[in-house]
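I have placed the structure first, in the form of structure tokens, so that the comments after it can refer back to it.
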Amino acid sequence: MAESQEPQPLFQSNGFKTALVVVTTLLVAYGMANLEVIRRAHNAYERGEAHFNEKMYKQAMWDYQEVQEFYYLPHSHWVDLAAEKEFICRAYLGDWVPPEGPLDADVRQTRVAEYEKYKVEIAQITPVGDTTYQPAPLTTYEKDQLKKTK
């Protein structure tokens, strides 16, 4: 006759050990993916800060928008900082209507909750425009028109 085996505790069974390895691997992979997203958000925010310090407000605003749009989940403090800095850049540029939106899509109305948080701070900013923008040179027709008005 076959000898009877004593039952093993659940945590010593091969199935439990395999499941533990699989779950641990998935948790580590998920954590690494989250850390990578947070790292990319930080890098985009730092790029925005570099542009902001150089008074390149339009480029800085794009970097801050990148943080908010692409790296929103997992929600890190970089997303909140980028939202604040985007509103500050918009205040410096006087740019409240995005070019791709309808004419009445003022950011102050479409993102009321964020605007309310930063309204006092941005009200103190005088728009300076984008000093890094280089307009296209005048055409011959425009030069002729300027000569006629002089």
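Within the range 118-150, restricting attention to residues that are of a type in the set (Gly, Ala, Ser) and assigned to a loop (DSSP other than H, G, I, E, B), which residue is modelled with the lowest pLDDT?
Here is the first cut: in the range 118-150, the ones of a type in the set (Gly, Ala, Ser) are 123, 129, 136.
Add one more test, that the residue is assigned to a loop (DSSP other than H, G, I, E, B), and what stays is 129, 136.
Values: Gly129: 67, Ala136: 73.
Checking each candidate, the answer is Gly129.
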Lys55 - would you say it is surrounded by fewer than 16 Cβ atoms within 10 Å (Cβ to Cβ) and touching a residue at least 40 places away in the same chain (Cβ under 8 Å)?
yes
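Among the residues of the range 1-35, how many are over 13 Å from Trp78 (Cα atoms) and either in contact (Cβ under 8 Å) with a residue 12 or more places away in the chain or not in a loop (DSSP other than H, G, I, E, B) (or both)?
Step one: filter the range 1-35 for residues over 13 Å from Trp78 (Cα atoms), giving 1-34.
From the residues that got through so far, the ones that are either in contact (Cβ under 8 Å) with a residue 12 or more places away in the chain or not in a loop (DSSP other than H, G, I, E, B) (or both) too are 10-12, 14-34.
Summing the residues that are over 13 Å from Trp78 (Cα atoms) and either in contact (Cβ under 8 Å) with a residue 12 or more places away in the chain or not in a loop (DSSP other than H, G, I, E, B) (or both) in the range 1-35 gives 24.
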If you check every pair at least six apart or on different chains, which have Cβ atoms under 6 Å apart with a residue in the range 76-104 that is modelled with pLDDT of 85 or more and outside any helix (DSSP H, G or I) first and a residue that is surrounded by 21 or more Cβ atoms within 10 Å (Cβ to Cβ) and of a type outside the set (Asp, Glu) second?
Ser76/Ala41
Sort through Glu66, Glu6, Glu36 and tell me the only one that's surrounded by fewer than 10 Cβ atoms within 10 Å (Cβ to Cβ) and either over 29 Å from Asp95 (Cβ atoms) or in contact with a helix residue (DSSP H, G or I) (Cβ under 7 Å, 6 or more places away or on another chain) (or both).
Glu6
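The values are calculated or read from the model by the stated rules, or taken from the named source; none is laboratory data. Just so you know, these numbers come straight off a predicted model, no measurement behind them. We place every Cβ from the backbone using ideal geometry, glycine too, and count neighbours over all the protein chains shown.
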